[in-house]
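Take a look at the structure set out below.
Read the figures in this text as sums done on the coordinates, not as results from a lab. Quantities reported herein were computed from a predicted structural model and do not represent experimental measurements. Cβ sites come from the backbone with ideal geometry, for glycine too, and all protein chains shown count toward neighbours.
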Amino acid sequence: MAKSPETEHPNKAFGWAAKDKSGLLSPFHFSRRNNGENDVTVKILYCGVCHTDLHTIKNDWGFSYYPVVPGHEIVGIATQVGKNVTKFKEGDRVGVGVITGSCQSCESCDQDLENYCPQMSFTYNAIGSDGTKNYGGYSDTIVVDQRFVLRFPEGLPSDSGAPLLCAGITVYSPMKYYGMTEPGKHLGVAGLGGLGHVAVKIGKAFGLKVTVISSSPNKEDEAINRLGADSFLVSTDPQKMKAAIGTMDYIIDTVSAVHALFPLLGLLKVNGKLVTLGLPEKPLELPIFPLVLGRKMVGGSDIGGMKETQEMLDFCAKHNITADIELIKMDEINTAMDRLAKSDVRYRFVIDVANSLSRM
Ligand code: NAP
Ligand code: ZN
């Protein structure tokens, strides 16, 4: 008989899990493996709340298997390191992001693109290399192979820095890969949530002109005065959208729900590039005419490899880029999820795990 989550490993662990597709999170006892030779055990301090956590607890994509302990924007302290671990020592501040395993020998892994390894395993809602289920960062501890642990740069706050581990790398990687970093060029950021607001900040650090394209008119003031965007476009305002046709070099699309690409493609100049990062539960329609007639391109991107994630953290530390967060207690998570579903977050919830997760 398969062992229960509480007894399959030697070390007790505690977190909050969704038990079914209602998505309601509640206390959950499980266990973590012993720290292996290549592992780092992390006491979790903070964990960001990504919209992917929400998609997963609600089974939006049809491959959630419960119980799910979400959380892949983890900052904590290394409490134990295996004998082969060279990059970290006990007491170091470390980060864990969206992936915690890969084959480490395929073409993607050899190119530091573990995120595209066919055997890559996610931090939660996945099976790890030992054949047991992975549980994420809405919990007290996690044990991770050192390859998937990040050095958390000095000067980067643990709470507002945590969201960089997913939101940060997810917008940074495509900007680098698709050549969206040329100073003075015009970047549109569609969707001003967790990913979007970090994209604004990273875009500004690259020297771009940044316009937010949002369905929420009430975010305009903050987009410009707090986050540093140059301008703001309400996607439901046909006149303003029309006036902006053909003005953008690149668009980063972070919208989490099904939406029309046609108006966004219209905003691009000839040769413009649109990168879709959002993962709506149904396919988007791809209008061909604007692509063909304007030699435009649509691409995608999935987080980033470990080397590039470290590069991104160092870049953000250097440029003082953090997320704007609402710090919540663990037992406020269900309310936070309801608000996230309504695009009502300024601009990332982060759980104060160490100070609010108490065993029940
Ligand atoms: P988020 O904080 O909820 O932000 C998404 C934003 O999309 C919202 O704030 C809202 O911005 C806009 N939006 C939501 N529903 C909309 C609708 N019906 N019509 C138009 N706009 C809408 O989510 P997030 O954490 O940034 O994640 C965004 C998406 O990226 C999710 O689907 C997530 O799963 C995915 N994701 C992908 C990767 C990857 O590697 N590719 C990594 C992480 C997350 P406005 O209020 O400004 O309109
Ligand atoms: Zn995420």
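Listing for the model above:
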quantity	calculated
Segment 220-322: equivalent-ellipsoid semi-axes (sqrt of 5 x gyration tensor eigenvalues, Cα, Å)	26, 19, 14
Dimensionless Rg over Rh [segment 64-154; C-alpha; Kirkwood]	0.96
Förster radius 35 Å - calculated FRET efficiency between Arg226 and Asp314 (Cβ-Cβ, nearest 0.05)	0.90
Charge dipole (debye, nearest 20) of the chain; +1 at Cβ of Lys and Arg, -1 at Cβ of Asp and Glu	360 debye
Extension reserve of the Lys12-Leu284 stretch, reckoned as 0.36 nm per residue once the Cα distance is removed	93.6 nm
Charge tally in the Cβ shell below 13 Å around Thr141, where Lys, Arg are +1 and Asp, Glu are -1, Thr141 excluded	+3
With eigenvalues of the C-alpha gyration tensor scaled by 5 and rooted, the chain, Å	35, 21, 19
Filtered trypsin sites (Lys or Arg not before Pro), segment 42-112: DSSP coil and at most 10 other beta carbons within 10 Å	Lys83, Lys89
Residue order, fewest to most surrounding Cβ atoms within 10 angstrom, among Ser214, Ser358, Ser158	Ser358, Ser158, Ser214
Ascending count of other beta-carbon atoms within 10 Å, so fewest first, for Phe63, Phe14	Phe63, Phe14
Lysine pairs within segment 1-133, Cα separation less than 21 Å, 8 or more sequence positions apart or different chains	14
Relative contact order of the chain, pairs being alpha-carbon contacts under 8 Å that are 6 or more residues apart, as %	18 percent
Approximate spin-label separation Ser356-Ser215, in nm, with each point projected 7 Å along Cα-to-Cβ	2.7 nm
FRET efficiency estimate (nearest 0.05) - Cβ-Cβ, Lys21 to Leu293, R0 51 angstrom	0.75
Three-way shape call for segment 273-352 based on the alpha-carbon gyration tensor, with the a/c threshold at 1.5	oblate
Dipole of the chain [Lys/Arg +1, Asp/Glu -1 at C-beta], most positive-end residue of Val98, Gly299, Val350	Gly299
Dipole of the chain [Lys/Arg +1, Asp/Glu -1 at C-beta], most positive-end residue of Ile288, Phe315, Pro157	Ile288
FRET E, pair Thr335, Ser158, Förster distance 25 Å, beta-carbon r, rounded to 0.05	0.65
Extended-chain gain in nm, criterion 0.36 nm per residue less alpha-carbon gap, Val258 and Asn84	58.1 nm
